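Okay, structure first, notes after.
The values are calculated or read from the model by the stated rules, or taken from the named source; none is laboratory data. None of these values were measured; they are calculated from a predicted model. Here the Cβ is made from the backbone with ideal geometry for all residues, glycine too, and neighbour counts use every protein chain on show.
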Amino acid sequence: MTTVLLLLLLAVGAYLVAVLEDWTVSGRFRLTAPVLAGIALLGRESIVPRKPDRIFFEVAPFLLLISAILAAAVVPLTPDLIITDMATGALFINAALVYVLVALLMAGWGPDGAYAMIGGWRFLGQLIAYAMLIVMPITAVVMRAESLLTTQVVVSQAGVWNIIYQPLGFILFFIAAMALAFLPPFDLTTSKGELAGGVEAEYAGVRLAVFRLGRLALIITLAAATVIFYLGGWQGPLLPPWAWSTIKILAVTTIMLLAGRYMPRIREADLLAWCWMLGIPLALLNILLVGVLVLVFP
Amino acid sequence: MTAQMFFIGFFGLAGVWFGIVVFRTFSMVRSALALLFSQTALGAMFLSMQAEFLGVLQIMMMATEMSIMAIFMVMFMMDPGGLGEMDMTHQKRLSLGAGIVSFVAAVAVAVFVDWGPVASVSPDAAQQTIDLGLELLGRSMLIFETAGITILTAMIAATAVAIQPVKRTREQ
Amino acid sequence: MSIELLLALITGAALFGVGIYGALSQTNLVMIMMGIELILAGAMVNLVAFWRYLHPDNPAGQMFVLIIMTVMAIEMAVGFGVAIARFRAKGSVEMEEAAELKG
């Protein structure tokens, strides 16, 4: 029952992300736009390029969707509203999100197109850069919670939210989450200008619809993960828990989408250099600081 | 036949099958991703053996590792797409024999050794994680630290070996 | 002797066999490394099975698996380092063309 409800919520969330994305790009708030776009995509022919790696080409969009759903499975919206409260939840989110990389690699290699392939390998190069920036801030969060349970992580923020307790980790995680969902300005994988859509370039019709759906689910999942790790999850005064979760997740999604609207796209070499030379030392410093803080102010 | 038995058998079979696919396909990216799915199946097998932390860790680690393997395959093979169906093997009969002999020997050991009493219950997942953490930072700390230092050494050594040698010439 | 333990050990043995075959038969360094990864994976399956069915109360069994994962990572790092150096020097990482390494 909870599973069905949460999957429905995930679908609604993905729809809202689509509306918000449309709003940040076009400046108009149209509630029906994603429906029309979806119908248009489903009506179009789903072209298969010449000499594809057929298995990868077919599997990749679904793998993207499945990895987003699996990551969403350990995210609690209220104390009870969670699909599975795994004892290693905070690690499992990472494990599920790494398969986004695998999906994009397959989508890049499968269709046998130059732009798609560059996009796919680019994502691999980037992931090596910021994968550490996802894992290391989560390590610091888990250190404070003294548990890998995601519900326990939220409970541990009852006094002070992690965004105040470890702001450095929040910034790093937020940037890395945006890069993982290939949102602008980190959309090097699907950059519209230089790669003509990158990994999306060779997809059309139903397959592209699944691919886009997977990406929307990924964005909402990452926003939810940011909320439970840093913004105190369902906690907040007056309103009931589910309302706080909804408000926070939508707010984070909006900020994620708006941030890219006003920034130029980063060069991939720059992103790699910044992540390695600045991001990883900062993440290590964050772990050290949180370690000291946990000992001093538990 | 219990559910656990079924899942161990199923994921084990999947792991071995993907492992065989690694050496049977001509496409290098397929080969690397087959290895990835083999390892993922093993991770799922760990999960069905109630080793939750190890299973999740395996699933997470191998995805990055094998993706990196895929890009190296594409870099270093002459025919990464496998469209030419080039034969990239040698001493086939010897290696097949060695593989089968080692498989049979290992199975014989597994079957004929008396493993003693088998435990039916294991600690629950949260307890396991706590135990493992205490083990890592307690009795086995020295071993774990040694592993960390070894990784650091390997990283430095690999970078030192792989880095482009600077040519010091007077012409420029 | 439980069937679960036997199944896991047979899986480990099969992975070991496939890995041995791959490591001996392939001509490319990266493919040989894949064979070695499979051998290590077989060892890992056995260790997890031994931990679960023989000594579930001793976390040292799980620690052993972590060490094997470390070994896998080290093997990858050093192997690719050597591969890059070799490729730079000779233009290929084919073992057939590396006969001068034979002692």
Q: Consider A:Ile66 carefully, then state whether it is assigned to a helix (DSSP H, G or I), β-branched (Val, Ile, Thr), within 13 Å of chain B (Cβ to nearest Cβ) and within 15 Å of A:Ala14 (Cβ to Cβ).
A: yes
Q: Go through the residues of segment A:96-116 one by one and say whether even a single one is crowded, with 23+ Cβ neighbours inside 10 Å, touching a helix residue (DSSP H, G or I) at 6+ places or on another chain (Cβ under 8 Å) and closer than 19 Å to A:Ile249 by Cα.
A: yes
Q: With the condition kept exactly as written, say whether any residue in segment C:33-43 is at the interface with another protein chain (Cβ under 8 Å from one of its Cβ atoms), touching a residue at least 40 places away in the same chain (Cβ under 8 Å) and assigned to a helix (DSSP H, G or I).
A: yes
Q: Name every residue in segment C:49-87 that is more than 7 Å from chain B (Cβ to nearest Cβ), within 23 Å of B:Met88 (Cα to Cα) and either in contact with an Asp or Glu (Cβ under 6 Å, 6 or more places away or on another chain) or surrounded by fewer than 18 Cβ atoms within 10 Å (Cβ to Cβ) (or both), in order of residue number.
A: C:Glu75
Q: Restrict the check to segment B:80-99 and report whether at least one residue is among the charged types (D, E, K, R), modelled with pLDDT under 80 and surrounded by fewer than 16 Cβ atoms within 10 Å (Cβ to Cβ).
A: yes
**Q.** Hits in segment A:98-119 - residues which are more than 9 Å from every other protein chain (Cβ to nearest Cβ) and either under 15 Å from B:Ala63 (Cα atoms) or within 14 Å of the chain's Cα centre (by Cα) (or both)
**A.** A:Val100, A:Ala103, A:Leu104
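Residues checked against (1) without any contact (Cβ under 8 Å) to a residue 24 or more places away in the chain; (2) under 22 Å from A:Leu231 (Cβ atoms):
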residue: A:Gly27; (1), (2): yes, no
residue: A:Ala37; (1), (2): yes, no
residue: A:Ala40; (1), (2): yes, no
residue: A:Ser46; (1), (2): no, no
residue: A:Lys51; (1), (2): no, no
residue: A:Ala90; (1), (2): no, yes
residue: A:Tyr99; (1), (2): no, no
residue: A:Gly110; (1), (2): no, no
Q. Quick one: in segment A:182-211, which of the residues that are surrounded by fewer than 24 Cβ atoms within 10 Å (Cβ to Cβ) and touching a Lys or Arg at 6+ places or on another chain (Cβ under 7 Å) is farthest from A:Arg265 (Cα to Cα)?
A. A:Gly205
Q. Quick one: B:Gly148 ticks every box in (1) facing chain C (nearest Cβ under 7 Å); (2) surrounded by fewer than 15 Cβ atoms within 10 Å (Cβ to Cβ); (3) within 21 Å of the chain's Cα centre (by Cα) bar one, so which box is it?
A. (1)
